[in-house]
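Worksheet for the structure shown next.
The values are calculated or read from the model by the stated rules, or taken from the named source; none is laboratory data. Source: prediction; values computed, not measured. All Cβ positions, glycine included, derive from the backbone under ideal geometry; neighbour counts span all protein chains shown.
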Amino acid sequence: MAVEQMTMPQLGESVTEGTISKWLVSVGDHVNKYDPIAEVMTDKVNAEVPSSFTGTIAELVGKEGEILQVGDVICKVETNEEAKPEAEAVSKPDQEEAEPAKPEAKDTSQKKRYSPAVLRLAGEHNIDLEQVEGTGAGGRITRKDIQRIIASEAVPQTDAAPEKQPGANAAGAIEPDQKPAQAAPQAAPPQSAAGDVEIPVTGIRNAIATNMVRSKHEIPHAWTMMEVDVTGLVSYRNKIKNEFKKKEGFSLTFFAFFVKAVAQALKEFPQMNSMWAGDKIIQKKDINISIAVATEDALYVPVIKHADEKTIKGIAREISELAHKVRSGKLTSGDMSGGTFTVNNTGSFGSVQSMGIINHPQAAILQVESIVKRPVVMEHGMIAVRDMVNLCLSLDHRVLDGLICGRFLARVKEILEQIDDHTSIY
């Protein structure tokens, strides 16, 4: 008999950790290879994890609700395969004692790949990650490494250049009669009072929070807005929506027109379809548009692949299918991966102006606000009631500047304002 270890799998690109939301097996249960054994949540997807072995569950290492790094052991399975005996040392009577083996060089290739949770904890406690020895694969620093340091109170502080102050010598050292400044104490978390309702933070909510903090921490956000006259679009869509639903079996939403316009503009302005990669900017070839779909307690961002190659009808179909997958819990990691630009339908909640947080590592997110009727000054000073919508763009200022973003938004506006009864949706 042999005991094999199962580790936390990587359930999507850039995913570094997952939360075990529910075990589907117990210790002593027999499982076959590929049988689902646990449900795992990440900031991108909920998924069932299959067993890598056939055998008996020997130990459930990970606990429900626990966040584990990719590669951490989640459970142990006892298989029928015999454990391989360790190689025995062979010695000869006339052979001199062998020289002690030189220790192998420690693998630190992954040391500087930090997860969002590690970055957050290190920032909160002023920990210098360069001085932390990681226990993960390739020397990677895990959340448990940081928590162990915090618990031991042996915190390697981030270096800071000392400021020259009165009483300091020429080298910047503090004179003996002066005390070094102490770091400001961490603010205590708020406490519940009588009548308050405490809501536990679920794995998916924690994953969303981690990703949002990472986005705001790493990306210098800028914001711009443009208003668009979509009177022709509204009239055209309302005229054909009932016939379309009867013929196709799914709804023709306003959002499909907006996604198509964005996809077309991205093809003309490929700089918008880029990502920051440290020492370079990657301009993506494929135009894969992420769309935000909300449930009662979470937000998911499935992806419409190759949106520029699809018709308005094709995009409407994918929006309908992806929304159904989200709300029925059938979304896969493949549905969530590969996004290059995000379009968010905030107008469905009645919002008329908002600033979106960029979906890391993308360079921009466009908020499509609510379509409202407003009096507008037309040509020759005439006033007319028109259907107007605000398009709000958040951008990564490392990658994009106001000029290119302004031109991009102006092109989206132009496409939308040209939609009329002659526009093809097929």
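Just a few scattered comments:
- Checking the stated criteria, Asp420 turns out to be surrounded by fewer than 20 Cβ atoms within 10 Å (Cβ to Cβ), at pLDDT 95 or above and out of contact with any Asp or Glu (no Cβ under 9 Å at 6 or more places or on another chain).
- Helices (runs of 4 or more DSSP H) wholly inside the range 217-332 containing at least 2 residues that are of a type in the set (Ser, Thr, Tyr): 231-248, 312-328
- Arg374 in a strand (DSSP E or B), of a type in the set (Lys, Arg) and free of Cβ contacts under 8 Å to residues at least 40 places away in the same chain: yes
- Within the range 304-320, if we keep just the residues that are in contact (Cβ under 8 Å) with a residue 60 or more places away in the chain and not small (Gly, Ala, Ser), the residue that is farthest from Leu266 (Cα to Cα) turns out to be Arg317.
- Residue pairs whose Cβ atoms lie under 9 Å apart, separated by 6 or more positions or on different chains, with the first residue in the range 278-297 and under 19 Å from Lys310 (Cβ atoms) and the second of a type in the set (Asp, Glu) and in a strand (DSSP E or B), do not occur.
- Hey, Glu48 over 13 Å from Gln5 (Cβ atoms), at pLDDT 80 or above and not in a loop (DSSP other than H, G, I, E, B) or not: yes
- Ser394 satisfies every condition listed in (1) in contact with a Gly (Cβ under 7 Å, 6 or more places away or on another chain); (2) loosely packed, with under 15 Cβ neighbours inside 10 Å; (3) farther than 21 Å from Leu233 by Cβ except (2).
- Which listed residue is crowded, with 20+ Cβ neighbours inside 10 Å, farther than 14 Å from Ile425 by Cα and of a type outside the set (Val, Ile, Thr), from Met272, Met225: Met272
- Filtering the range 53-78 to residues that are of a type in the set (Ser, Thr, Tyr) and surrounded by fewer than 17 Cβ atoms within 10 Å (Cβ to Cβ) leaves only Thr54.
- Of the residues making up the range 405-426, just one is over 32 Å from the mean Cα position of the chain (by Cα) and either in a helix (DSSP H, G or I) or among the basic types (Lys, Arg) (or both), namely Glu417.
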